[in-house]
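What follows is a set of notes on a single structure, which appears directly below.
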Amino acid sequence: MIYVDSSSLVKRYLLEAGTDALNDRLAQEDHVVTSVLTYAEIHSALARKHRERWLSRKSFQVVRRAFDREWAILERVKITDEVLSRVPGLLERYSLRSNDALQLSSALLFSPVLVFVSSDLRLLEAAEGCGLMAWNPAAHESSGAGPFPGDRGDLI
């Protein structure tokens, strides 16, 4: 079982350091978990790339639809009172942004049986500090192509 945050999952749709490693890892997993927050964060990242002209309108639509299809098969953690109850302590103990604290708190619901996947170094450090096994796809480059053609080489 793995938990993927937005900084890692976006690599499925935009070519970044660690894209191939993440795709390889996800192909081996039967159970992938993320926060409902990830939905907004991924759509935000894709829209920003489109506004900045890194994605054509057509490519933006393709990757957005691909994400929405995959979203349907991810196990999603809702932001419940239990998730929120951990946030103040995480923010006090670690130098995290509020959204990252929500991601980590969501993952902790599954502790210690999951691997926490992120490309955010502060978040990975905090996950390890909370006893989770952390994995950064950007630190595991591999070769291969992903499923989507890109406009400027930044898409899978």
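The values are calculated or read from the model by the stated rules, or taken from the named source; none is laboratory data. Fair warning: this is a prediction, and the values are worked out from it, not measured in the lab. Don't worry about glycine lacking a Cβ; one is built from the backbone with ideal geometry, like all the others, and counts go over all protein chains shown.
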- Query: Mind checking whether some residue in region 14-32 is modelled with pLDDT of 95 or more and assigned to a loop (DSSP other than H, G, I, E, B)?
  - Reply: no
- Query: Residues of region 46-63 being touching a residue at least 24 places away in the same chain (Cβ under 8 Å) and either surrounded by fewer than 17 Cβ atoms within 10 Å (Cβ to Cβ) or touching a strand residue (DSSP E or B) at 6+ places or on another chain (Cβ under 7 Å) (or both), which ones?
  - Reply: SER56
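Considering only residues that are surrounded by 13 or more Cβ atoms within 10 Å (Cβ to Cβ) and touching a strand residue (DSSP E or B) at 6+ places or on another chain (Cβ under 9 Å), which ones fall in region 78-98?
Scanning region 78-98 gives ILE79, VAL83.
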- Restricting region 47-84 to residues that are part of a loop (DSSP other than H, G, I, E, B) and among the charged types (D, E, K, R), the one farthest from ALA101 (Cα to Cα) turns out to be ARG53
- Query: In region 136-143, is there at least one residue being modelled with pLDDT of 95 or more, surrounded by 15 or more Cβ atoms within 10 Å (Cβ to Cβ) and more than 16 Å from the chain's Cα centre (by Cα)?
  - Reply: no
- Note on the structure: VAL87 fails exactly one of (1) out of contact with any helix residue (DSSP H, G or I) (no Cβ under 8 Å at 6 or more places or on another chain); (2) within 26 Å of GLY131 (Cα to Cα); (3) assigned to a helix (DSSP H, G or I), namely (1)
